[in-house]
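The values are calculated or read from the model by the stated rules, or taken from the named source; none is laboratory data. Predicted model, so just to flag it, every value in this text is computed and none were measured. Cβ sites come from the backbone with ideal geometry, for glycine too, and all protein chains shown count toward neighbours. Side chains are part of the model used for accessible areas, which takes the heavy atoms of the whole protein and leaves out ligands, DNA and RNA. Shrake-Rupley method; radii C 1.70, N 1.55, O 1.52, S 1.80 Å.
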Amino acid sequence: MKHNTKFISFYSHKGGVGRSMTLSNVAYLLAKDGFKVCIIDFDLEAPGQHKNDLFIQNKLKKGLLELIFHYQEYYKDENAESFDWDFNDYSVKSNIFDELNTKSKTGDLYLIPSGNLNNPFYANELAKLDWTNFYQEGGSLFFTSLKLRLNFEKFDYVLIDSRTGFNDVFYISTLTLADTTVLISGMNRQNVDGIKKAYEVLTSEKAENIYGKKNLILVNSPFPELDQATLARRDHEISEEWEEFKKENILQDVSKENKI
């Protein structure tokens, strides 16, 4: 019986708004409530999920980058029958609940890191990744395989930490992989303009025809902390410039967001 795994990406146009922290907090709370959760650190250039308190004590091994290269070798092998890989070889399991000694039943929390960051040549390996060539070599099948495997592993939630800006990772994480995307914006013009463009891309007729309509959650992040008067003023400015926000009041404080 197919498991109903939910794939949720977290995206911000610029850094410093608490995207990765928000994701890790959501992952912790979901696992604490008994769900089986997997984090994928897709911020290959500036990974950070392995450094938070959930996984800081884990020894990293292979991760997403090595899995991609493994797939590329499989694809080049004309005699290969199917792409097979062991989830445990490319992931680490958090022991945070063991340390907390919680009495209530908890779920499991895993991380597929960006790669083996203990490898001093990680940056050199990353530079070899060419997304254009990857897709020409059947890259779309890789992400189908990835989703099927995580579903097979019976994960309830897969949370994807995307990269900032508009790039291949943005489109892969929000359109190819995710059913839901959390768009996190700081309350300044650069952040809001960027998130507005991302929102327009994800709700475009072309994107919805190809990938289907996505569930989008837009979250304003007063991080670093702003005073209430400044937040109210910027909230009003956004309302006047962004019709969807004014009509639907779609931006919400991260501390009040519970739609996932």
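Summary table
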item: Number of the exception - Lys36 against (1) within 15 Å of the chain's Cα centre (by Cα); (2) in contact (Cβ under 8 Å) with a residue 60 or more places away in the chain; result: (1)
item: Count - residues of region 26-59 that are part of a loop (DSSP other than H, G, I, E, B) and on the phi < 0 side of the Ramachandran plot; result: 17
item: Subset of region 45-69 (residues that are of a type in the set (Lys, Arg) and either open to solvent by less than 20 Å² (accessible area, probe 1.4 Å) or over 29 Å from Ser140 (Cα atoms) (or both)); result: Lys51, Lys59
item: Near pairs, Cβ below 9 angstrom, 6+ apart or cross-chain, from region 148-174 (under 10 Å from Cys38 (Cβ atoms) and charged (D, E, K, R)) to any residue that is open to solvent by 50 Å² or more (accessible area, probe 1.4 Å) and in a strand (DSSP E or B); result: Asp156/Lys6
item: Scan of region 192-210 for residues that are of a type in the set (A, V, I, L, M, F, W, C) and buried (at least 19 other Cβ atoms within 10 Å of the Cβ), ordered by number; result: Val192, Ile195, Ala198, Leu202
item: Scope region 1-33; condition of a type in the set (S, T, N, Q), within 15 Å of Ile184 (Cβ to Cβ) and either open to solvent by less than 40 Å² (accessible area, probe 1.4 Å) or touching a residue at least 40 places away in the same chain (Cβ under 8 Å) (or both); matching residues; result: Ser9, Ser12, Ser20, Thr22, Ser24
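Yes or no, residue by residue, for (1) modelled with pLDDT under 75; (2) aromatic (Phe, Trp, Tyr); (3) open to solvent by less than 100 Å² (accessible area, probe 1.4 Å):
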residue	(1), (2), (3)
Gly212	no, no, yes
Leu216	no, no, yes
Asp227	yes, no, yes
Asp235	yes, no, yes
Glu240	yes, no, no
Phe245	yes, yes, yes
Ile250	yes, no, yes
